[in-house]
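This report refers to the structure that appears directly beneath it.
The values are calculated or read from the model by the stated rules, or taken from the named source; none is laboratory data. Because the structure is predicted, anything quoted here is derived from the model rather than measured. Neighbour counts run over all protein chains shown; Cβ positions are idealised from the backbone, glycine included. The accessibility values were calculated without ligands, DNA or RNA, using every heavy atom of the protein model including side chains. Shrake-Rupley method; radii C 1.70, N 1.55, O 1.52, S 1.80 Å.
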Amino acid sequence: MKRVICVLLFCVFCFSAGHTCAASEGTAQTETFWLSSLDVSRIEQSWGQARANRSVDNRPLTIAGQRFPNGIGTHANSEIPLLLDGKGVELSGGAGLDDETSGRGSVVFQIIADGREIWNSGPMRSRDAAKFFSLDIRGYKTVDLLVLDAGDGIDYDHADWVNLKVTMLDNARPKLDVGPVEDAVILTPKPAPTPRINGAKIFGVRPGSPFFFRIAATGDRPMTFSADGLPSGLRLDSQTGLITGQLEKAGEHKVTLRAENALGKTEREFRIVCGSQIGLTPAMGWNSWNCFAGSVTAEKIKAAADAMVESGLINHGWTYINIDDFWQVHRDSNDPSLQGPHRNSDGRILPNPRFPDMKGLADYVHGKGLKIGIYSAPGPWTCGGCVGSFGYELQDAQQYAEWGFDYLKYDWCSYNPAFEAYRDSKDWDPSSSPNITYAGGGDLAKAKVPFERMHQALGQQPRDIIYSLCQYGMGSVWEWGAEVGGNSWRTTQDINDSWSSMSGIGFSQAGLEKYAGPGHFNDPDMLVVGKVGWGPQLRNTRLSPNEQYTHISLWCLLASPLLIGCDMTQLDEFTLNLLTNDEVLEVNQDPLGRQAARITQNGMLEVWAKDMEDGSKAVGLFNRGQREQTVTVNWSDLGIHGEQTVRDLWRQKDMGQYTEKFEANVGRHGVVLVKIAPFK
Ligand code: GLA
């Protein structure tokens, strides 16, 4: 950095090419820094990455036709957290939306000093001229520059801070306050040795389908199970807690489940709803993609099933072991374990050599009291380039049912509505199909077609198969996913184990709550805690401990399917704890099936809440910011009043009675998750 020290009063030399200029103010020596000279790669934002002197899409910074050679190109929601230690004098610059969005996007720029707003741009739209500020920041320890989405989501919010400079005293330099390394603190006490029944309290089954439900319970073993009111056709294995059989007629049954061990006994109500709707609570399980991706094998699937039992996860309601892509033969891989005939002469799909016995694998998983899931695509090829279901939907559904699968993830990828014209043509040859991805959005009726087709095919099978749609939210799938039989539908592109990905996806679910309900849920993608890596190399998640608490809390509040994405054979204590807090999981599995709504947003602080069947509210107090802050939930925001009991769900601890509001200190990127219920 170039630097000139002045000896005259109020003299200033600035370098346009360099980062700083120096001056003196009164007797004190000051120096001015371009904030673009900080390590902007550490700035957190909900999309893309912040860039020095370039826009988020890596173009020259341009606001309303004006070019700015210096500044930071960022994206809502973002925070530039400055640590000034009381040595700042002045902060100046401008802000606006970059022209690269061609008229789209809107944001609010906000500057907070020691927790107090000192500048606010008001809502700004693309093509508005930059707004400039010059702020006295003397004495402040911290100054945060925020870009917020102006209440309409983050799409196209390419936001530029330009000519951004800070003047500092006494040789001090501005620093980014990106937080220390956090300890992985386990907040939850170990499950009690006395019996506790966990997992879903309501279960849907179709008449005539095989019934398969294992009572999940923690507590010392041996444990015995019994039930009152089990309808005829069903039987309970008192040693394993597995309920099997079948129901002939539609109807609802109230059952009392009991679990007993040497230390005590417990009971819980369980509702069986026999009818057309399955998947009444979000699916809980594991999926191979976020750890193994294209390196999945049958052995790894078996090992995952073993680990789900041995780790005790099964006792908390975790049920599905889902194979993602790469169980089929690959289009053109050189790897012999992905080669072979695609289908037999009857059109039945053939697994690749890594999966020599699909029926045996399904039996193995069922033998552990778990269920098993499979993956396909409505196009000729899956996302990874393996054989998809196009043209063979009914045979595939039959095959999955015959093998004994309980869950299907159906992933758009190579599908193109234009293929439909060839569907019945004799010339149809999947191996020569164009591999074009439909742009989505435009023709809603066409976007539904392939999902409805598989829905029909699954509906004809004599077993219940949870149907998980995956097409990344195209055509507002939440508006019609349930109509085409989806028990869940992905609302976004793929998640990864970074704060910007996880929080960007999670917090952007605001507004989708009206589309979720028992049997049909929004799916913001799978969990990225533990050892992940999209195989074959695995690493610890890059999410900090607080971020992981935020991830699980938010996904539970959102009533999202919970699919563990890590290698369960390598679970550490912290990850296991995150996945086995029954009070937190109850928020996800609540029979009302509600998805939390964002009820307040104040800068980087957000409160999300959902109604629970017992009349309480599950409430997440989130801090998306870079440093600890107090988050408040007011009863008026929740539509409640009077004395309420507040329970901290991660710590499983009552916090006492509160009458108007509850406040908590929440760490960087962290959460306090509570249950608020009228005091009795
Ligand atoms: C898509 C999906 C992922 C995964 C891969 C498999 O990217 O969104 O979840 O299933 O395909 O190829």
- Item | Answer residue from region 318-329, given it is over 13 Å from residue 355 (Cα atoms) and open to solvent by less than 10 Å² (accessible area, probe 1.4 Å) and is farthest from the ligand (Cβ to nearest atom) among those | 318
- Message: Here is a check on your reading of the model: is residue 293 within 16 Å of the ligand (Cβ to nearest atom), within 24 Å of residue 540 (Cβ to Cβ), open to solvent by less than 20 Å² (accessible area, probe 1.4 Å) and in the same structural domain as residue 527 (by TED's automatic domain parsing)?
- Response: yes
- Item | Selection count, region 391-412, where residues are buried (at least 24 other Cβ atoms within 10 Å of the Cβ), of a type in the set (Ser, Thr, Tyr) and outside any strand (DSSP E or B) | 1
- Query: Yes or no: residue 139 in contact with an Asp or Glu (Cβ under 9 Å, 6 or more places away or on another chain), modelled with pLDDT of 95 or more and either among the β-branched types (Val, Ile, Thr) or surrounded by 22 or more Cβ atoms within 10 Å (Cβ to Cβ) (or both)?
  - Reply: no
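Yes/no per residue for (1) open to solvent by less than 40 Å² (accessible area, probe 1.4 Å); (2) farther than 16 Å from residue 78 by Cβ:
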residue	(1), (2)
102	no, yes
110	yes, no
114	no, yes
120	no, no
125	no, yes
129	no, yes
134	no, yes
147	yes, no
153	yes, no
- Give the residues of region 111-159 that are polar (S, T, N, Q) and part of a loop (DSSP other than H, G, I, E, B), sorted by residue number. 126
- Query: Any residue at all in region 453-474 that is within 16 Å of the ligand (Cβ to nearest atom), surrounded by fewer than 19 Cβ atoms within 10 Å (Cβ to Cβ) and either not aromatic (Phe, Trp, Tyr) or not assigned by TED's automatic domain parsing to the domain that holds residue 516 (or both)?
  - Reply: yes
- Task: Could you tell me whether any residue of region 520-533 is over 21 Å from residue 588 (Cα atoms) and either within 16 Å of the ligand (Cβ to nearest atom) or assigned by TED's automatic domain parsing to the domain that holds residue 623 (or both)?
- Result: yes
- Message: Against the condition without any contact (Cβ under 8 Å) to a residue 12 or more places away in the chain and either open to solvent by less than 50 Å² (accessible area, probe 1.4 Å) or in contact with a helix residue (DSSP H, G or I) (Cβ under 9 Å, 6 or more places away or on another chain) (or both), how does residue 639 come out, does it pass?
- Response: no
- Task: Quick one: residue 288 ticks every box in (1) open to solvent by 20 Å² or more (accessible area, probe 1.4 Å); (2) out of contact with any Cys (no Cβ under 7 Å at 6 or more places or on another chain); (3) under 30 Å from residue 460 (Cβ atoms) except a single one, so which number is it?
- Result: (1)
- Task: Any chance you could count how many residues in region 296-315 are open to solvent by less than 20 Å² (accessible area, probe 1.4 Å) and either at negative phi or within 16 Å of the ligand (Cβ to nearest atom) (or both)?
- Result: 9
- Item | Filter result (aromatic (Phe, Trp, Tyr) and over 26 Å from residue 628 (Cβ atoms)) within region 122-165 | 132, 133, 156
- touching a strand residue (DSSP E or B) at 6+ places or on another chain (Cβ under 6 Å), among the aliphatic types (A, V, I, L, M), in the same structural domain as residue 117 (by TED's automatic domain parsing) and farther than 20 Å from residue 310 by Cα: does that describe residue 146? yes
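Table: residues versus (1) assigned to a loop (DSSP other than H, G, I, E, B); (2) within 15 Å of the ligand (Cβ to nearest atom); (3) open to solvent by 10 Å² or more (accessible area, probe 1.4 Å); (4) over 22 Å from residue 469 (Cα atoms).
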{"residue": "356", "(1), (2), (3), (4)": "yes, no, yes, yes"}
{"residue": "359", "(1), (2), (3), (4)": "no, no, yes, yes"}
{"residue": "365", "(1), (2), (3), (4)": "no, no, no, yes"}
{"residue": "374", "(1), (2), (3), (4)": "no, yes, no, no"}
{"residue": "379", "(1), (2), (3), (4)": "yes, yes, no, no"}
{"residue": "383", "(1), (2), (3), (4)": "yes, yes, yes, no"}
{"residue": "389", "(1), (2), (3), (4)": "yes, yes, no, no"}
- Do we have residue 283 as within 16 Å of the ligand (Cβ to nearest atom) and surrounded by 20 or more Cβ atoms within 10 Å (Cβ to Cβ) here? yes
- Message: Looking only at region 44-62, filter to residues that are surrounded by 23 or more Cβ atoms within 10 Å (Cβ to Cβ) and closer than 22 Å to residue 112 by Cβ; which one of those is nearest to the chain's Cα centre (by Cα)?
- Response: 46
